[in-house]
1. Going through segment 118-136 one residue at a time, which ones are touching a residue at least 60 places away in the same chain (Cβ under 8 Å) and surrounded by fewer than 16 Cβ atoms within 10 Å (Cβ to Cβ)?
2. Does Val91 satisfy being assigned to a helix (DSSP H, G or I), at pLDDT 95 or above, over 18 Å from Thr18 (Cβ atoms) and in contact with a helix residue (DSSP H, G or I) (Cβ under 9 Å, 6 or more places away or on another chain)?
3. Somewhere in segment 70-77, is a residue part of a helix (DSSP H, G or I), under 16 Å from the mean Cα position of the chain (by Cα) and more than 19 Å from Ile131 (Cα to Cα)?
4. Being aromatic (Phe, Trp, Tyr) and assigned to a helix (DSSP H, G or I) is the filter; apply it to segment 13-35 and report the residue that is nearest to the chain's Cα centre (by Cα).
5. Name the residue that is surrounded by the fewest Cβ atoms within 10 Å (Cβ to Cβ), counting only residues in segment 100-117 that are outside any helix (DSSP H, G or I) and not hydroxyl-bearing (Ser, Thr, Tyr).
6. Scan (1) of a type outside the set (Gly, Ala, Ser); (2) in a helix (DSSP H, G or I); (3) over 17 Å from the mean Cα position of the chain (by Cα); (4) at pLDDT below 95 for the single condition Leu38 breaks and write down its number.
Amino acid sequence: MSLGGFVIMWILAVVGMTLFSAAWTVVSGNEFREPKRLSILMQRARGKSSGNNTNVWGWIIHFLLGIPFLGFYEVLWKLTAAPRTVVWSVVFGCALGVLGVLGWMLLFKIVGVSTQFKYRQFYVHIFFAHIVFSVTALLVYTLLL
């Protein structure tokens with residue numbers, strides 16, 4: 001995979017995941033979009049109630065975190081020599097989902113969130129969002145061949 005292909009796959013996989021999270025937010029009525037959650041955590045950590053700056057940083061951090069996730073995803077393909085199929089992409093997406101849930105658990109433990117926040121639903125959402133990330137990456141990879 002070329003660097004250009006990796007970049008296209010990274011951006012589109014993060015966009016696919018973000019669209020999934022936006023849809024989950026609308027359906028559930030809970031704010032589960034990752035950039036917004038990151039912004040809220042930054043505001044809480046800094047002790048401020050609002051700020052456009054944190055919204056921008058939420059987006060930047062969300063997209064940048066996609067790079068190591070996609071890197072890990074690509075390493076899984078290389079280590080396992082598994083065929084690039086939807087089934088394997090879902091399996092690898094589950095691995096990414098577990099990492100994503102653990103990362104968010106750590107963030108919430110460090111910064112804290114309100115007691116009204118629906119953690120369990122958020123973790124389920126994050127798990128499935130990483131499967132969407134993984135399958136989107138596979139689709140982009142297939143189209144780039």
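1. Answer for segment 118-136, where residues must be touching a residue at least 60 places away in the same chain (Cβ under 8 Å) and surrounded by fewer than 16 Cβ atoms within 10 Å (Cβ to Cβ): Lys118, Gln121.
2. Spelling it out, Val91 is indeed assigned to a helix (DSSP H, G or I), at pLDDT 95 or above, over 18 Å from Thr18 (Cβ atoms) and in contact with a helix residue (DSSP H, G or I) (Cβ under 9 Å, 6 or more places away or on another chain).
3. No - not one qualifying residue is present in segment 70-77.
4. Across segment 13-35, the extreme among qualifying residues is Phe20.
5. Residue satisfying both the conditions and the ranking: Gln116.
6. (3)
Residues checked against (1) in contact (Cβ under 8 Å) with a residue 60 or more places away in the chain; (2) loosely packed, with under 13 Cβ neighbours inside 10 Å; (3) not β-branched (Val, Ile, Thr):
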residue	(1), (2), (3)
Gly71	no, yes, yes
Val86	no, no, no
Ser89	no, no, yes
Cys94	no, no, yes
Gly97	no, no, yes
Val140	yes, no, no
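The values are calculated or read from the model by the stated rules, or taken from the named source; none is laboratory data. All of these numbers come straight from a predicted model, not from anything done at the bench. Please note: Cβ atoms are built from the backbone with ideal geometry, for glycine as well, and neighbour counts cover all protein chains shown.
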